[in-house]
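Student: Take this structure, written in structure tokens, and hold onto it; I'll ask about it next.
The values are calculated or read from the model by the stated rules, or taken from the named source; none is laboratory data. Remember, it's a predicted structure, so these values are computed and weren't measured experimentally. When we count neighbours, we look across all protein chains shown, and the Cβ atoms used for this are built from the backbone with ideal geometry, even at glycine. Remember, those area values only see protein heavy atoms, side chains included, never the ligands or the DNA or RNA. Shrake-Rupley method; radii C 1.70, N 1.55, O 1.52, S 1.80 Å.
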Amino acid sequence: QVQLVESGGGLVQAGGSLRLSCAASGRSFSSYAMGWFRQAPGKEREFVAAINWSGYSTVYADSMKGRFTISRDNAKNTVYLQMNVLRPEDTAVYYCAAKPRGSSSRPQEYEYWGQGTQVTVSS
């Protein structure tokens with residue numbers, strides 16, 4: 001069992017930056033791949049980025065490449081999402097998720113989810 005708690009969301013102006021954190025508790029965090037997803041009102045949950053258990057392999061949604069960076073610190077049981085050059089269309093609730101084995105962009109493959117953190121980007 002893995003419990004996930006996101007933090008770091010808030011209100012930021014377009015062009016600004018935020019760093020989201022996802023703290024995990026439970027067993028064997030380092031054996032899980034981690035992902036970030038987001039969901040805007042009236043829209044489906046959308047893949048943002050994922051990282052494998054070691055942190056050496058990452059994957060991003062096309063619209064996030066070059067602006068967002070996912071990383072993890074297994075000693076701290078934490079995964080991060082650094083978001084730069086934010087746009088109003090990045091406004092959403094951001095969720096972290098965990099799955100065993102390799103990372104994936106498919107939300108249905110993730111077993112554990114956090115409660116989400118709101119990110120609002122003003123124009």
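Student: Select from the range 59-68 the residues that are on the phi < 0 side of the Ramachandran plot, free of Cβ contacts under 8 Å to residues at least 40 places away in the same chain and either open to solvent by 30 Å² or more (accessible area, probe 1.4 Å) or in a loop (DSSP other than H, G, I, E, B) (or both) and list them in ascending order.
Tutor: Passing the criteria: Y60, D62, S63, K65, R67.
Student: Checking S21 against (1) out of contact with any Lys or Arg (no Cβ under 6 Å at 6 or more places or on another chain); (2) open to solvent by 40 Å² or more (accessible area, probe 1.4 Å); (3) part of a strand (DSSP E or B), which single condition isn't satisfied?
Tutor: Of everything listed in (1) out of contact with any Lys or Arg (no Cβ under 6 Å at 6 or more places or on another chain); (2) open to solvent by 40 Å² or more (accessible area, probe 1.4 Å); (3) part of a strand (DSSP E or B), S21 misses just condition (2).
Student: Output the residue which, of all residues in the range 69-86 that are polar (S, T, N, Q) and part of a strand (DSSP E or B), is nearest to V12 (Cα to Cα).
Tutor: Q82
Conditions tested, residue by residue: (1) modelled with pLDDT of 95 or more; (2) small (G, A, S).
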| residue | (1), (2) |
| --- | --- |
| A50 | yes, yes |
| S54 | no, yes |
| M64 | no, no |
| T69 | yes, no |
| T91 | yes, no |
| T117 | yes, no |
| S122 | yes, yes |
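Student: Only one of K43, K99 is open to solvent by 70 Å² or more (accessible area, probe 1.4 Å) and basic (K, R); which?
Tutor: On the way: K99 fails: open to solvent by 70 Å² or more (accessible area, probe 1.4 Å).
Testing whether each residue is open to solvent by 70 Å² or more (accessible area, probe 1.4 Å) and basic (K, R) leaves just K43.
Student: Tell me which residues, restricted to the range 69-92, are within 10 Å of the chain's Cα centre (by Cα) and surrounded by fewer than 21 Cβ atoms within 10 Å (Cβ to Cβ).
Tutor: Within the range 69-92, T69, S71, Y80, Q82 qualify.
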